[in-house]
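Working notes, structure below.
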Amino acid sequence: FGMLLVTMMFAVLGFLSPSNRGGLMTAMLLIWVLMGLFAGYASSRLYKMFKGSEWKSITLKTAFLFPGIAFGIFFVLNALIWGEKSSGAVPFSTMFALVLLWFGISVPLVFVGSYLGFKKPAIEAPVKTNKIPRQVPEQAWYMNPAFTILIGGILPFGAVFIELFFILTSIWLHQFYYIFGFLFLVFIILIITCAEIAIVLCYFQLCSEDYMWWWRSYLTSGSSAIYLFLYAGFYFFTKLQITKLVSGILFFGYMLLASFSFFVLTGTIGFCACLWFTRLIYSSVKID
């Protein structure tokens, strides 16, 4: 989230030229690496709120889980291009530099951020929670988790749907993307939409006396990534003239990586919005 926000602000202000794609990618990677400090801090603060004690485990997961999956997919796809002896393959030296950035800068910053987060006092719940969990009553059919999660992803996807076409065209049909100002506006709309849909569905859930909203709030807005991947498939069959198997695997591999990143981003926005919302409504509860 931090990486996207800072990169887009730089692009809108004109620091990053759209014609120099390498510059944009380099800036994104460098900002992502530096954001490790905030990632470690945020994860440790949240973990401490749940009275978690395995601080080493959460720090290692923050440092390695998402980048590990992303690097794994990227490495497999690059190995396929190497096998085809294509000039588009990323050189081994560049791969080594990426690993060096990850282990040399990102991981230590995550540990520093995590240390600072754990030093702070835990975030207190606004009201005391009952030790004995209440039984969740029978839910209406429209409050089924699978149904609400899939419905929740439609609106965030609808917010980025038009812009997605231009982004895919610029990536796969070698066209330049210039409208960063409009992209930034769409990003802001996406944040608001993810937060609103997650809060509304969380409110309905709490009204139905179902208090298990944590993961559901994450998946509600995060499910927009499913629609993103399905749209990528539609785009592949309607707009691209790709016949080679390796090219097809590359397209779906990179779109899977993009969808996974989108899932993590939108899910986090939805969860944070719900956490803020529940803390707000429960802090106004008067207990005599």
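The values are calculated or read from the model by the stated rules, or taken from the named source; none is laboratory data. Because the structure is a prediction, the values reported are computed rather than measured. Neighbour counts run over all protein chains shown; Cβ positions are idealised from the backbone, glycine included. The protein model used for the area step is the full one, side chains on, heavy atoms only, and it has no ligands, DNA or RNA in it. Shrake-Rupley method; radii C 1.70, N 1.55, O 1.52, S 1.80 Å.
Taking the options Ser93, Ser44, Ser114, name whichever one is exposed (fewer than 13 other Cβ atoms within 10 Å of the Cβ) and of a type in the set (S, T, N, Q).
That would be Ser93, the only listed residue that is exposed (fewer than 13 other Cβ atoms within 10 Å of the Cβ) and of a type in the set (S, T, N, Q).
Lys61 - would you say it is farther than 23 Å from Phe260 by Cα and of a type outside the set (A, V, I, L, M, F, W, C)? When the stated conditions are applied, Lys61 does not pass them.
Looking across the range 238-247 at every residue that is assigned to a helix (DSSP H, G or I) and out of contact with any helix residue (DSSP H, G or I) (no Cβ under 6 Å at 6 or more places or on another chain), the one that is nearest to Asn144 (Cα to Cα) is identified as Thr238. Could you list, ordered by first residue, the pairs with Cβ atoms under 6 Å in which the first is in the range 229-247 and open to solvent by less than 60 Å² (accessible area, probe 1.4 Å) and the second is among the charged types (D, E, K, R), at least 6 apart or interchain? As it stands, the answer is Val246/Glu84, since those pairs meet every condition given.
Per this entry, Leu60 is not counted among residues that are assigned to a helix (DSSP H, G or I) and under 21 Å from Met95 (Cβ atoms).
State whether one or more residues within the range 74-81 are within 18 Å of the chain's Cα centre (by Cα) and either touching a residue at least 60 places away in the same chain (Cβ under 8 Å) or not in a helix (DSSP H, G or I) (or both). The answer is yes, given that some residue of the range 74-81 is within 18 Å of the chain's Cα centre (by Cα) and either touching a residue at least 60 places away in the same chain (Cβ under 8 Å) or not in a helix (DSSP H, G or I) (or both). Remark: Ser17 matches the filter, which requires a residue to be open to solvent by 50 Å² or more (accessible area, probe 1.4 Å) and in a loop (DSSP other than H, G, I, E, B).
Of a type outside the set (Asp, Glu) and at positive phi: is that true of Lys85 in this structure?
Details: of a type outside the set (Asp, Glu): yes; at positive phi: yes.
Yes, satisfied.
State all residues of the range 185-237 that are of a type outside the set (A, V, I, L, M) and not in a helix (DSSP H, G or I); if no residue qualifies, say none.
Listed by number, the residues that qualify are Ser208, Glu209, Asp210, Tyr211, Trp213, Ser223.
Which residues, taken from the range 6-34, are within 17 Å of the chain's Cα centre (by Cα) and either without any contact (Cβ under 8 Å) to a residue 40 or more places away in the chain or in the same structural domain as Val264 (by the TED database) (or both)? Of everything in the range 6-34, those that are within 17 Å of the chain's Cα centre (by Cα) and either without any contact (Cβ under 8 Å) to a residue 40 or more places away in the chain or in the same structural domain as Val264 (by the TED database) (or both) turn out to be Val6, Thr7, Met28, Ile31. Residues that are surrounded by fewer than 14 Cβ atoms within 10 Å (Cβ to Cβ) and under 22 Å from Ile154 (Cα atoms) within the range 168-188 comprise Phe182, Ile188, listed in sequence order. Kindly indicate the residue of the range 248-287 that is part of a loop (DSSP other than H, G, I, E, B) and in contact (Cβ under 8 Å) with a residue 60 or more places away in the chain and also surrounded by the fewest Cβ atoms within 10 Å (Cβ to Cβ) among those meeting that condition. In this case the residue turns out to be Ile287. Scanning the range 1-25 for residues that are of a type in the set (S, T, N, Q) and either in contact with a Ser or Thr (Cβ under 7 Å, 6 or more places away or on another chain) or at pLDDT below 85 (or both), we see that the one that is farthest from Val107 (Cα to Cα) is Ser19.
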